[in-house]
């Protein structure tokens, strides 16, 4: 031991005097971080080679070891190329053994550079040379140091805004820039690569510059992180604020003795629910929904759904019925007031009233009014409701193709609503209204469902006492509802649906009825509509008849009413222009008011050439007379059919042709003509599609007339289906056809015998005017229609 | 690592002197005596020839190296808490050490340095 006191600084540590620049050290490779000189680092050593290296270090006097980072953390037995070149000579300060590991506290002492590995087994031993840390100084270093310090302070603030660390206290004492770099690098736990670069820096300026850029990046990341955190926090606090405000509002309302609006609403609904008379099942369900409503905040989407539902349930007339006026006389009066003719329908209504009078629990019938447009089906519904003293609701089924429209949507869907039926009941506010379902023949059907099938349930008196609408999901009793459906034709109504209804035909009005209706209802209505009085305006009976015959062609009354309206408007214009003379419309005035006649009436052709026969056809707007024309085609072949014929009609005509050819001899026709010439049959008007078998006998008459060269009688129209053997089968639409023939002035009509019963439907007044010839076979038709053939056939017929 | 210690407040400053890094600092006691100062350094297991004491103006520096020489062949460490390798400890006293009389003594692993100023 020596005690030198001379002023010259001596080497300050004994061991450093002879410390060699080169040495061999056991190697402890570490992962993911680098050890800087002057800094302590705890390590946990587990790899056998590393443990052996540590053992060897501990067995030495100085406990020195080389701590060096490996490039790739996943390598378990690194070789020289896996290690960085620069490491740190360290002294083991403390150690203790764990189960399979050695816990170390190492203190970095000096930077060293690995020259080569002396030994690789059982542990690495490296030959190293000391690489003293850079000591350069100057203004640049100083400036860099300061700005690094600023940046570090900022990073610390950002990293821990809650618990600020006094960076100054931690590093203020550190005056050597390189050690400052190392301290900061380890504090901010940079990546290994960055730490290693800092460790290897050859000048302080380099190290500071690198650290500055690393810290800059760190600050940016931290700022971004804080920004994200702040945004999240502010979003959260917005919601909290709202919640808080709501709570305060509630408290204020309580303080003021006000109930909160939601509770008030629930209470109101409960009160209304209590007042309504409804079935127990419904009340229970409504109570359940009300309880759910009470638990929901008003902002919940379900809240409004449930509220609307409850309001609906409350408003439905579960047990509210209107009292029926069951006075037959009164009802008859009402019906007669509203509608002329239509005896059958009125009778049926009165019968129903009679039944209801005797048995109030009787099931309401389901009527189906079938008839052409404008025959008063809808207004009849109104009258029925009025005569019975019931509410009237109507909606159209035309084009409806979604079952849900009828039965409602389930409540799970947004904007769900009850079906039309329940809506109609709610509007009626009674459970026994007259509900008219218009256009039942025009129901659609597609992939969304089949409303006709849904109607089956509605229109079945056995089932409809517990009709379940999808929206309500509660049984509603429809059995007291008086259902009336309307249709233009029965053909398109599904069978099962038709079966449930009582069909009442409104076949169209005859001329006399139309005149009467026009006189009683239409003209007064149009006068009122145009602001005229009965004194100012009149139509002569002849003019009215002409109007009906020449300006309209329909079974109903719509065109007639329009035409009358037009006349009345023109008259009104005259009065408005200052005229004061009353106007009476005469036949010759019509052309001024309405223009030329749009319909050349289907008047009887006075004289028919051979090959033409008058037939009768049924259309939705009533009957029509139709002249079938046949013509020979010299040099032609076969049969040509024109006039927009349907398949049934074509086949029917072919049957007629076959019959005529087969009976050529009987008719006195030379069969060779069939081989030489073709035949063309045309059904005017060519633009109107036609179908059905009822023109069979007419075609046969036309062909017989053509081949024999004898014209058919022009005053005899005919209709009937023909078979190959010459039988005449019944057809439909007799009344319309007869009325059409009569309009055209035809006074003899040939009908199948089986249709004789239909003549009863004809108005009394026209029956005597027309001669009906009821036939079983085609021969009888030919006899009746072609006078010349009658002579020839008479022996056969006799 | 050199430390200057002011007795009042005991504030330590890191040294900026370029010197080989040392592994540890021995604990130290300082006594005021009638005629000066008594400094005690705990340096158990350090060979006398490995201890260097150096006084310069007001600063007294003790440095050296503790070598682990008590190693039996075949034995291995189970736990280690005693720091080895180089050490250094410096203390600044409110008197000119170069003018004072210094006495050093080693007793049971404790280095005693007596500073006599009067």
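What follows is calculated from the coordinates using simple rules that are stated; it is not laboratory data. It should be emphasised that the depicted structure is a prediction, and the values quoted were computed from it without experimental measurement. Glycine gets a Cβ as well: all are built from the backbone with ideal geometry, and neighbour counts include every protein chain shown.
The table below lists the values:
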| read-out | value |
| --- | --- |
| Overall dimensions of the range A:298-436 by Cα: Rg and Dmax, Å | 18.3, 60 |
| Fewest-first sequence of A:580, A:485 by Cβ atoms within 10 Å of each Cβ | A:580, A:485 |
| Rh by Kirkwood over Cα pairs, then Stokes-Einstein D for the range A:419-518 at 1.567 mPa s and 4 °C, µm²/s | 85 µm²/s |
| Cα centroid separation - the range A:336-362 against the range A:383-419, whole Å | 25 Å |
| Directionally averaged projected area (convex hull, Cα atoms, the range A:222-272), nm² | 4.7 nm² |
| Fraction of alpha-carbon pairs over 36 Å apart in the protein assembly as shown - percent | 72 percent |
| Estimated translational D of the range A:471-611 in µm²/s (Stokes, Kirkwood radius over Cα pairs; 4 °C; 1.567 mPa s) | 70 µm²/s |
| Shape metrics for the range A:612-797, restricted to C-alpha atoms - Rg then Dmax, Å | 15.5, 52 |
| Global geometry of the range A:114-162, whether rounded, prolate or oblate, following the gyration tensor of its Cα atoms and the 1.5 cut on a/c | oblate |
| Where only alpha carbons of the range B:45-100 are counted, the Rg and the Dmax (Å) | 16.0, 51 |
| Along each principal axis, Cα extent of the range A:618-700, largest first, Å | 43, 25, 20 |
| For residues of A:89-96, the mean tally of beta carbons on other chains within 10 Å | 5 |
| Cα long-axis angle, helix A:377-388 against chain A (0 to 90 degrees, to the nearest 10) | 90 degrees |
| Inverse mean reciprocal Cα-Cα distance (Kirkwood Rh) of the range A:371-433, Å | 13.5 Å |
| Residue-averaged beta-carbon neighbours from other chains (10 angstrom radius) around B:49-58 | 5 |
| Three-way shape call for the range A:22-156 based on the alpha-carbon gyration tensor, with the a/c threshold at 1.5 | prolate |
| Stokes-Einstein diffusion coefficient of the range A:169-302, Kirkwood radius over Cα pairs, 20 °C, 1.002 mPa s, in µm²/s | 99 µm²/s |
| Reciprocal of mean inverse Cα separation for the range A:529-671 (Kirkwood radius, Å) | 19.5 Å |
| Cα centroid separation - the range A:444-485 against the range A:613-660, whole Å | 44 Å |
| Share of Cα-Cα pairs in the range A:511-594 lying beyond 16 Å, as whole percent | 45 percent |
| Peptides ranked, highest mean first, by Cβ atoms within 10 Å: ranges A:246-255, A:627-636, B:98-107 | A:627-636, B:98-107, A:246-255 |
| Euclidean distance between Cα centres, the range B:36-112 to the range A:282-309, Å | 88 Å |
| Expected 222 nm ellipticity per residue - DSSP helices of 4 or more, -39500 (n - 2.57), all of chain A, to 500 | -13000 deg cm²/dmol |
| Ratio Rg/Rh, restricted to the range A:207-247 and using Cα atoms, in which Rh is the Kirkwood radius | 1.43 |
| q = 0.14, 0.23, 0.25, 0.27 Å⁻¹: log10 I(q)/I(0) that the Debye formula gives for the range A:261-315, counting C-alpha atoms only | -0.31, -0.83, -0.98, -1.12 |
| Gyration tensor (Cα) of the range A:229-324, equivalent ellipsoid semi-axes in angstrom | 38, 16, 9 |
